Amino acid sequence: MPEHTRASYWQAALEGADYIEPDLALTKDGYLVVNHNEWLSDNTNVATIPELAHLKANKTWVDEAGDAVTRINDWFIADMTLKQLKLVRVNQAPLAWRPQHFNGMFGVLSFEEYLQIIRNVTVELGRPFGVIPELKSPKLYNQGRPYPRYFEDRAILTMSHYGWTNITKQVDTRHHEDLQFAPLRPLPKGARLGPAAWQCFDLDTADYLSRHTSTPVVALSEKLPWFFTPTGLDLVAQYASIVSPWKDFFVTGAQAYFTSMNITWDPKQIARLGGFIAPDRLAAEIHRRGMAISPYTFYDSHQDMAYLCQKGVKPASKSGFCPKSKTE
């Protein structure tokens with residue numbers, strides 16, 4: 001099924017997923033919606049819609065590492081109203097092994113629609129499902145908003161209304177009076193909501209979500225060298241309950257990974273922070289600080305697992321173990 005659609009969420013539930021993840025974006029008129037990328041051309045029919053042709057643009061924003069990200073000649077969620085976005089239909093990612101016959105059958109969902117779906121599958125299938133929204137590119141979606149945490153507070157207030165978080169520190173509600181949530185029916189007797197967690201690569205946002213809600217935070221990372229040092233993990237443990245690095249940090253190691261990605265670091269700073277943690281010690285160091293681990297991304301059997309060691313980079317672990325891709 002095309003990702004982040006009503007059908008894909010139902011499919012995940014029917015296949016027994018414990019958590020069902022939406023990636024969150026924010027429209028021009030302030031609606032939280034679900035899509036993996038900040039742009040739309042990769043997985044929708046946006047290029048075929050005449051009414052949206054004038055919105056094709058170039059855009060630059062700052063990522064979690066402070067690097068500029070530029071995308072040219074595309075359509076961006078941040079530039080569209082919800083009404084405009086609802087003209088768009090979702091397509092499957094253009095990969096040869098993914099079926100394309102469901103293309104165009106489903107529209108882009110709002111975050112509220114996603115949460116309503118998870119409540120529905122909880123009731124219909126008789127078991128709770130976890131929600132684990134990832135806030136994508138907060139610096140982009142907070143540009144031009146009334147205050148710097150508009151995107152985060154919008155997500156917090158929505159999750160609170162649907163019962164998946166408690167607000168533990170006051171958020172600014174003055175600029176969210178336009179939020180008109182759908183009324184909720186009580187869950188049937190015996191039904192209960194599943195767990196919840198926040199995800200974000202932007203660690204300032206992760207810290208903010210941790211301080212303002214009761215929901216545990218997943219700290220995602222793949223571009224921050226200091227993160228993979230003892231002192232770095234000490235800092236992350238102050239707000240994160242779960243650490244989610246790219247899987248290669250547990251196999252090939254931080255130094256080899258950053259080198260392969262052309263990400264530079266200050267050797268003196270890394271030394272002051274305790275040095276890069278070896279890949280076969282990383283899990284133990286994360287657990288020692290009371291955090292759980294959720295590495296990403298483990299592809300299906302049609303795809304190569306994309307470990308660096310499969311491309312000839314020697315693992316930094318003592319064992320030298322290199323996982324192998326398995327095909328059906």
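The values are calculated or read from the model by the stated rules, or taken from the named source; none is laboratory data. In this text, all values refer to a predicted model and were calculated from it rather than measured experimentally. Cβ placement follows ideal geometry from the backbone for every residue including glycine, while neighbour counts extend to all protein chains displayed. Ligands, DNA and RNA are excluded from the accessible area calculation, which covers all protein heavy atoms including side chains. Shrake-Rupley method; radii C 1.70, N 1.55, O 1.52, S 1.80 Å.
Suppose we look only past 22 Å in the calculated P(r) of the range 7-159. What percent of the Cα-Cα pairs does that tail hold?
Numbers: 5177 of 11628 pairs.
Roughly 45 percent, rounded to a whole number.
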Let's see if you can work this out: charge +1 on each Lys and Arg Cβ, -1 on each Asp and Glu Cβ, no other charges. What is the dipole magnitude of the range 180-328 about its Cα centre, in debye to the nearest 20?
360 debye
1.4 Å probe accessible area per residue over the chain, in Å²
49 Å²
Residues meeting the amide H criterion for Phe129 (H placed from the backbone, H to H distance under 5 Å, 5 or more places apart or on another chain) are Gly194
Would you grab the residues whose amide H sits under 5 Å from the one on Ile293? Only those 5+ places off in sequence or on another chain, please, with H modelled 1.01 Å from N.
Val243
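When the convex hull of the C-alpha atoms of the range 145-236 is computed, what volume per residue in Å³ does it have?
Working: hull volume 11.8 nm³, N = 92.
That works out to 128 Å³ per residue.
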I'd like the orientation of helix 279-288 relative to the chain: the angle between its Cα long axis and the longest Cα principal axis, in ° from 0 to 90, rounded to 10.
60 degrees
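What number do you get for the chain when its Cα radius of gyration is normalised by 2.2 N^0.38 Å, N = residues? If you can, show how the numbers build up before the last one.
Details: Rg = 20.5 Å, N = 328, 2.2 N^0.38 = 19.9 Å.
Taking the Cα Rg and dividing by 2.2 N^0.38 Å, one obtains 1.03.
What order, most packed first, do the peptides 32-39, 301-308 have when packing is the mean number of other Cβ atoms within 10 Å of each residue?
Working: 32-39: 21.6, 301-308: 14.2.
My ranking of the peptides, most packed first, is 32-39, 301-308.
Counting only protein heavy atoms and using a 1.4 Å probe, what share of the accessible area of the chain belongs to carbon plus sulfur, as a whole percent?
Working: 8270 of 15990 Å².
The C+S portion of the solvent-accessible surface of the chain is 52 percent.
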So how much slack lies between Leu14 and Gln170, counting 0.36 nm per residue of separation and subtracting their Cα-Cα distance, in nm?
52.4 nm
Report, by chain and number, residues whose modeled amide H sits under 5 Å from the one on Leu109, excluding near sequence neighbours (fewer than 5 apart, same chain).
Val34
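Under unit Cβ charges (Lys, Arg +1; Asp, Glu -1), what dipole magnitude, rounded to 20 debye, does the chain have relative to its Cα centre?
Charge dipole of the chain: 420 debye, to the nearest 20.
In square nanometres and to one decimal, what's the mean projected area of the convex hull around the Cα atoms of the range 52-91?
Result: a mean projected hull area of 3.6 nm².
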Within straight-line cross-link reach of Lys311, aspartates and glutamates at Cα separation under 17 Å, skipping those fewer than 8 residues along the same chain:
Asp248
Go through 282-295, 54-67, 121-134 and give me the packing order, highest mean Cβ count within 10 Å leading.
121-134, 282-295, 54-67
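Using only C-alpha atoms and all pairs of different ones, pull out the Kirkwood radius for the range 113-267 in Å with one decimal. Let's see the in-between values first.
Working: mean 1/r = 0.0572 Å⁻¹.
One decimal place: 17.5 Å for the Kirkwood radius.
Order of 214-220, 143-149 by packing, highest average Cβ count within 10 Å first?
Values: 214-220: 21.6, 143-149: 13.4.
Most protected by this proxy first, the peptides run 214-220, 143-149.
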Dipole axis of the chain (+1 Lys, Arg; -1 Asp, Glu on Cβ), positive-most option in Asn73, Trp226, Leu184
Trp226
In nanometres, the difference between 0.36 nm per residue of separation and the alpha-carbon distance of Ala271 and Asp42 is 78.4 nm
So if we plug the beta-carbon distance of Asp178 and Gln303 into 1/(1 + (r/R0)^6) with R0 = 35 Å, what FRET efficiency do we get, rounded to 0.05?
0.25
